[in-house]
Amino acid sequence: MAELRWNPLLRTWVIMSSHRHARPLLETGACPFCPGSGRVPDDYEIFDYDNDFPSLVLDPPMPDVDGDWLIPVRPAFGKCEVTLYSPKHDATLPELPLEHIAKLVDHWEGRYRELGKIDGIDFVFIFENRGAAVGVTMLHPHGQIYAYPCIPLKVQTELDSCREHMHENGSCLICDLRDHEERDGSRVIYQGSGFTAFVPPFAEYPYQVYIIPADHVGSLTDMDAGQRLELARAIKSITAAYDDLFGFPFPYMMCMYQAPTDGREYPYYHFHIEFYPPMRDRDKLKYNASSETGGWATINDARPEEKAAELREVITRQADAPA
Ligand SMILES: [Zn+2]
Ligand SMILES: [Zn+2]
């Protein structure tokens, strides 16, 4: 079974993908992402691998059930790709050389552009789930790309907020948020050329981080090579800070927000990355429970200003360390 079913209460599509049940829970045997596996080229730097258990495909089967006026149903059209960051099985994103991460950012730009061109693809979501704590079954360093036939509800909510903010104030909400944080300073953890990173004042996760470009750009495609290199530097620095924080590979979800690719104009939207690490502390996971899941009322038991200070200290130490 693979189809999209409409949730009229939340006004969003839910992806039904029961065949994913068969996917492995944990990597066993030889890694299919390593050169020599026969599943990937013997020689690659960065490689796109079509997901073995895709939730969305370009030639979807007919839905199992008939939709009706209340609960419309659509084929699970779209694409799910895995982006292998490196041929090295035990490499981590922050350990990759800056030039390699810059190539990865360029690669993401190409995939955003190419997938966005496909008729019916409305949103290209580039993300990385890292660590068993967020359900990762393959250890080989990789991210993912989902090309959706719709705009996911959270993105739509951000778009609506940005559009209304522009209408009411004549300015970009995300530019205003970045300026607000730079003026305040207490939650800023990284200030590079062209990119600012901070723990948002309304953080839902203790170590949540936003990366926002100084320029009002809608997507990676709107950035030049120099800006993409600076984005690579910011990503390297922040993921390295996560790993240095407690001295182990820090689990996180990295989510990239770009203008939808549905053919409309989004002059009020602004590229950004949101990191969601599920750890509350060295050895404590944050669970989403009734308030979060049932009410979307998140409880963060940490002060964003304190967590930002912890991350900022690690980043300052890195900057001071001899190269
Ligand atoms: Zn591997
Ligand atoms: Zn902006």
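With the structure loaded, tell me whether ARG183 is out of contact with any helix residue (DSSP H, G or I) (no Cβ under 8 Å at 6 or more places or on another chain), within 13 Å of ligand 2 (Cβ to nearest atom) and of a type in the set (D, E, K, R) or whether it fails that test.
no
For region 50-73, the set of residues classified as surrounded by fewer than 16 Cβ atoms within 10 Å (Cβ to Cβ) and touching a residue at least 40 places away in the same chain (Cβ under 8 Å) consists of LEU58, PRO61, ASP64, VAL65, GLY67, LEU70, ILE71, PRO72, listed by residue number.
May I ask you to verify whether THR293 is under 23 Å from ILE145 (Cβ atoms) and not basic (Lys, Arg)? It is false that THR293 is under 23 Å from ILE145 (Cβ atoms) and not basic (Lys, Arg). Considering region 30-46, the residues that are away from ligand 1 (no atom under 13 Å from the Cβ) and within 14 Å of PRO141 (Cβ to Cβ) include one that is surrounded by the fewest Cβ atoms within 10 Å (Cβ to Cβ), namely GLU45.
Just for region 33-44: of the residues that are of a type outside the set (D, E, K, R) and without any contact (Cβ under 8 Å) to a residue 40 or more places away in the chain, which one is nearest to ligand 2 (Cβ to nearest atom)? Among those residues, the one meeting the criterion is PRO41.
If a residue has to be at pLDDT below 95 and surrounded by 14 or more Cβ atoms within 10 Å (Cβ to Cβ) to count, how many in region 255-287 make the cut?
Count: 4.
If you check every pair at least six apart or on different chains, which have Cβ atoms under 6 Å apart with a residue in region 132-154 that is closer than 20 Å to ARG113 by Cα first and a residue that is part of a strand (DSSP E or B) and of a type in the set (Asp, Glu) second? So the pair list comes out as GLY143/GLU128; ILE145/GLU81. Surrounded by fewer than 22 Cβ atoms within 10 Å (Cβ to Cβ) and in contact with a helix residue (DSSP H, G or I) (Cβ under 7 Å, 6 or more places away or on another chain), is that true of ALA240? So ALA240 fits the description; yes. Of everything listed in (1) touching a strand residue (DSSP E or B) at 6+ places or on another chain (Cβ under 7 Å); (2) touching a residue at least 60 places away in the same chain (Cβ under 8 Å), the single unmet condition for CYS162 is (1).
Would you confirm whether any residue within region 206-216 is more than 16 Å from ligand 2 (Cβ to nearest atom), of a type in the set (A, V, I, L, M) and over 30 Å from GLU114 (Cβ atoms)? No, there is no match, as no residue in region 206-216 is more than 16 Å from ligand 2 (Cβ to nearest atom), of a type in the set (A, V, I, L, M) and over 30 Å from GLU114 (Cβ atoms).
For region 276-311, the tally of residues that are part of a helix (DSSP H, G or I) and more than 18 Å from ARG130 (Cβ to Cβ) stands at 13. Residues of region 153-162 include none that is surrounded by fewer than 18 Cβ atoms within 10 Å (Cβ to Cβ) and part of a loop (DSSP other than H, G, I, E, B).
Please determine, by comparing only the residues of region 103-152 that are of a type in the set (Val, Ile, Thr) and either within 16 Å of ligand 2 (Cβ to nearest atom) or at pLDDT 95 or above (or both), which one is surrounded by the most Cβ atoms within 10 Å (Cβ to Cβ).
Going through the qualifying residues, I end up with VAL124.
Scan LEU245, LEU285, LEU311 and give me the residue that is under 15 Å from GLY192 (Cβ atoms) and either in contact with an Asp or Glu (Cβ under 7 Å, 6 or more places away or on another chain) or among the aliphatic types (A, V, I, L, M) (or both). Selected residue: LEU311, the only one of LEU245, LEU285, LEU311 that is under 15 Å from GLY192 (Cβ atoms) and either in contact with an Asp or Glu (Cβ under 7 Å, 6 or more places away or on another chain) or among the aliphatic types (A, V, I, L, M) (or both). Restricting ILE189, ILE174 to residues that are within 13 Å of ligand 2 (Cβ to nearest atom) and touching a residue at least 12 places away in the same chain (Cβ under 8 Å) narrows the list to ILE174. Do we find a residue being surrounded by 16 or more Cβ atoms within 10 Å (Cβ to Cβ) and closer than 30 Å to ASP281 by Cβ anywhere in region 75-91? Yes: one or more hits.
The values are calculated or read from the model by the stated rules, or taken from the named source; none is laboratory data. Not measured: the values here are computed from a predicted model. Glycine also receives a Cβ, built like all others from the backbone with ideal geometry; neighbour counts cover every protein chain displayed.
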